[in-house]
Amino acid sequence: MVVTIIGAGYVGLTQATILANAGFKVYALEVDQNRVDIIKSGRSFFYEANLDPLVKNAVESGLLIPTTSYEEALHEADIIFSCVGTPDNPDGSSNLTYVFDVVNKLISTIGDSQKILVQKSTVPVGTGEKIIKQLSDSGSNVSYISNPEFLREGSALIDSLWFDRIVVGGNDKSANQVIVDLYKQVTAQRINVAARAGVSIQGRDSKEGEYITTSVNSAELIKVTANAFLATKITFANSIAKLADAAHADINEVMSAVGADPRIGRSFLNAGRGFGGGCFPKDVSGLISSGIEYGVEIDILHAVTQENNSMPGYIIEKAADAADGATLAGKKVTVLGLSYKAGTSDIRRSPSVAIANLLVERAGAIVRVHDTIAMQDPKSVEVLVDDITVIDDLNEAINDAEVVFVATDWPEFTSLSATYYANLMSGKLFVDCMNSFSPDAIRAAGLTYVGVGR
Ligand code: NAD
């Protein structure tokens, strides 16, 4: 079985690397020559813990073949995974340019040879039907499957090797089975792959995840619904956090007790500066657009977007209220963390970037930022407004700050003690944007604590 992955980004490179380490011959077809060159050198172009040893092994063993050539990548492929980006258009709908580029290239490259095209990219419901029609009109011999990806950046390997569920949406039962079998073969190798990566598998059981076969439309809708629901859960916690602030309750106490109800669950109820990244914001807006396309208004998701967008500004206002003279204007503020969450270099739609920029533009603060991993990506600096100073060294970034915002919960920041911060800072205001610290410990070190809903 030869596999081709089209689009070697966060999802595609992870998938390609795992498959090659499980013994498959894999072509990683990527249009960005720079990314191909980096992968050929045996590493990833983004940060994901433990991925590099697997990329190196896959490339050195010859099983992972990075290329920019469709002809090279497709001629012997049995299964083709499409993992290209599906960013949003300015109106919030999904931009499917790359998805249909792949379909067009496929049709013009493979003739009538038999292949399975597996869509891993997140696409709006109804996309697969259009692709199936296009494939059939062209006379190609391709079975189409929607197999949405659920990995999370920061835990991509574990999520892929110890998945909860694999959704396989397709009309061709034998093609569906080929894909299920492929995952089963990876699962059979997962302990070896994890060991090679150096990933701890302590506490992981031998249980296999669930295989769920559905129609193409259902598979497409499952993916965006899952993300929109998680985004809604986070946003619900943030809305209640605002009430907790006003009413002097503690959102962590509230959500721990609320989440103890198994019907609700504790996960994704942490209040903070909101969600970001390359998936949740666009999947929420994409679902709104799908609703409009089919004549269904999903009002709740408009509220989610609006509430989520308000969080960086809300935290800054709360901090300003607690600052000397009730203003951050002219104050030396350090923002720790730029990535949208810990464990990734991804700064797409990062609320931490929004906080840094708003501190300059709206609050008039003098801002310095630090994020060891995200700053390795030159784009992380490009998204910052002028006048923000990027500091390479963590201690130097905290030193002499009148205010510190811990905007991304990297362990590098959350593991530092309150006294460590207090000793380096020249001021006293400590803003815990993701509720990662104990307010009592921060106050005991002589600092003023500002959290979200606490
Ligand atoms: P990405 O931008 O990191 O990667 C996409 C890659 O595809 C890029 O490297 C790009 O150069 C390449 N590409 C674009 N057009 C191409 C073409 N015609 N031929 C070959 N390569 C091409 O995106 P990503 O984060 O990996 O996401 C990919 C898809 O998976 C999206 O639909 C996303 O919503 C979904 N997804 C992402 C995650 C995540 O955590 N990143 C999780 C689940 C699902």
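The values are calculated or read from the model by the stated rules, or taken from the named source; none is laboratory data. Here the structure is a predicted model, which is why all the values come from computation and not from measurement. Using ideal geometry, Cβ is built from the backbone for each residue, glycine included, and neighbour counts are taken over all protein chains shown. All accessible areas refer to the heavy atoms of the entire protein, side chains included, with ligands and DNA or RNA removed. Shrake-Rupley method; radii C 1.70, N 1.55, O 1.52, S 1.80 Å.
If each residue of separation counts as 0.36 nm, what is the full-extension length gain between ASN192 and PHE100 once their alpha-carbon separation is subtracted?
On the way: separation 92, 0.36 × 92 = 33.12 nm, distance 3.61 nm.
Fully extending the segment from ASN192 to PHE100 adds 29.5 nm.
Rounding to the nearest 20 debye, state how big the charge dipole of the chain is about its Cα centre with +1 on each Lys and Arg Cβ and -1 on each Asp and Glu Cβ. It would help to have the intermediate numbers written out before the result.
Working: 37 positive and 54 negative charges, 151 e Å.
Computed charge dipole of the chain: roughly 720 debye.
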- Query: In terms of the Cα gyration tensor, with a ≥ b ≥ c the square roots of its eigenvalues, is region 1-160 rounded because a/c is under 1.5, prolate because a/b exceeds b/c, or oblate?
  - Reply: oblate
- Message: Once you place label points 7 Å from the Cα toward the Cβ at THR327 and ASP181, how far apart are they in nm?
- Response: 7.2 nm
- Message: Only four residue types carry charge here, +1 at the Cβ of Lys and Arg and -1 at the Cβ of Asp and Glu. Report the dipole size of region 303-422 about the Cα centre in Debye, rounded to the nearest 20.
- Response: 280 debye
- Item | With every protein chain in place, region 236-313: carbon and sulfur % of accessible area (1.4 Å) | 63 percent
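Taking a ≥ b ≥ c as the square roots of the Cα gyration tensor eigenvalues, with a/c under 1.5 meaning rounded and otherwise prolate when a/b beats b/c, else oblate, which class fits region 346-452?
Details: a/c = 1.69, a/b = 1.57, b/c = 1.07.
Prolate.
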- Message: Only sites in a loop by DSSP and with at most 16 other Cβ atoms within 10 Å count here; which trypsin sites (Lys or Arg not before Pro) in region 178-247 make the cut?
- Response: ARG204, LYS207
- Looking at region 141-214, which GluC sites (Glu not before Pro) are DSSP coil and have at most 16 other C-beta atoms within 10 Å of their C-beta? GLU208
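Going by a ≥ b ≥ c, the root eigenvalues of the Cα gyration tensor, does region 258-385 fall in the rounded group (a/c under 1.5), the prolate group (a/b larger than b/c) or the oblate group?
Details: a/c = 1.77, a/b = 1.54, b/c = 1.15.
In terms of gyration-tensor shape, prolate.
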- Item | DSSP-loop chymotrypsin sites (Phe, Trp or Tyr not before Pro) across region 241-337, with at most 16 other Cβ within 10 angstrom | TYR294
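Of the DSSP beta bridges with both residues in region 21-157, give the percent that are antiparallel, rounding to the nearest 5.
On the way: 1 of 15 bridges.
Counting only bridges with both partners in region 21-157, antiparallel ones make up about 5 percent.
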- Note on the structure: Of the candidates ASN95, VAL26, SER82, the farthest towards the positive dipole end of region 1-157 (Lys/Arg Cβ +1, Asp/Glu Cβ -1, centred on the Cα centre) is VAL26
- Message: If you count only protein heavy atoms with a 1.4 Å probe, what accessible area per residue comes out for the chain, rounded to a whole Å²?
- Response: 42 Å²
- Task: Rounded to the nearest 10 degrees, what's the angle between the helix 173-188 long axis and the longest principal axis of the chain, both from Cα atoms, 0 to 90?
- Result: 60 degrees
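Which percent, to the nearest 5, of DSSP beta bridges fully inside the chain are antiparallel? Please report the intermediate quantities before stating the final value.
Working: 3 of 49 bridges.
Here the antiparallel bridges make up roughly 5 percent for the chain.
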- In debye to the nearest 20, how big a dipole does region 1-130 give about its Cα centre with +1 on each Lys and Arg Cβ and -1 on each Asp and Glu Cβ? 220 debye
- Item | Rg over Rh [alpha-carbon atoms, Kirkwood Rh] for the chain | 0.99
- Query: To the nearest Å, what is the center-to-center distance of region 367-415 and region 78-127, using C-alpha atoms only?
  - Reply: 37 Å
